[in-house]
Amino acid sequence: MILDENTQELVTRNKKIKLIPNEFKLMQFLIKNRNRNCTYKELIMYIYNTSEEDYVYFKSPLLTIIRRIKKKLKNEDLIIKTIHDYGVFIRYNINIEVKKRIEKFLIEQEILKLKDEIEEKKNKIKLLEESIK
């Protein structure tokens, strides 16, 4: 997934999703903070550049933006989860087939690493054997 700042598009595995400026800002903030829950307050302050006192006036427009993005992300691997009366977070939804391919790749990499180590050990043994002759 790529967030393209030039075209203001979210490029996923399946498609390019055109975002309006506030949607883009929301996704930008969520992606930068993907390892934590983001509060409505901090999202509003970031997107609308408002003060802490005025943020309450922007909750409804923010919820509208979140609903629109969720609709645009339908059938994608990126999911926006809402935390009731708190905020939102993003999560990558990896299907079982993709997960199996990733696991297979990691196992293959481990096998290659072990084979290299074995070859290295064989060479070391050969050198040691030659040194005692």
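What the table below lists for this structure:
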item: Meets criteria (in contact with a Leu (Cβ under 9 Å, 6 or more places away or on another chain), farther than 29 Å from E97 by Cβ and touching a residue at least 40 places away in the same chain (Cβ under 8 Å)) for E23; result: yes
item: Test: residue in segment 91-100 that is out of contact with any Phe, Trp or Tyr (no Cβ under 8 Å at 6 or more places or on another chain), charged (D, E, K, R) and within 22 Å of E5 (Cβ to Cβ); result: no
item: Complete set of residues in segment 44-61 that are closer than 17 Å to I90 by Cα and in contact with a Phe, Trp or Tyr (Cβ under 6 Å, 6 or more places away or on another chain); result: I44, Y46
item: Filter result for L112 (over 22 Å from P21 (Cα atoms) and either out of contact with any Cys (no Cβ under 8 Å at 6 or more places or on another chain) or exposed (fewer than 14 other Cβ atoms within 10 Å of the Cβ) (or both)); result: yes
item: Odd one out for Q28, checked against (1) modelled with pLDDT under 90; (2) under 16 Å from the mean Cα position of the chain (by Cα); result: (1)
item: Segment 52-74: number of residues that are under 22 Å from N35 (Cα atoms) and of a type outside the set (K, R); result: 6
item: Residue match in segment 10-20 (condition: modelled with pLDDT of 90 or more, touching a Leu at 6+ places or on another chain (Cβ under 9 Å) and assigned to a loop (DSSP other than H, G, I, E, B)); result: yes
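The values are calculated or read from the model by the stated rules, or taken from the named source; none is laboratory data. All of these numbers come straight from a predicted model, not from anything done at the bench. Here Cβ is always computed from backbone atoms with ideal geometry, including for glycine, and neighbour counts include all displayed protein chains.
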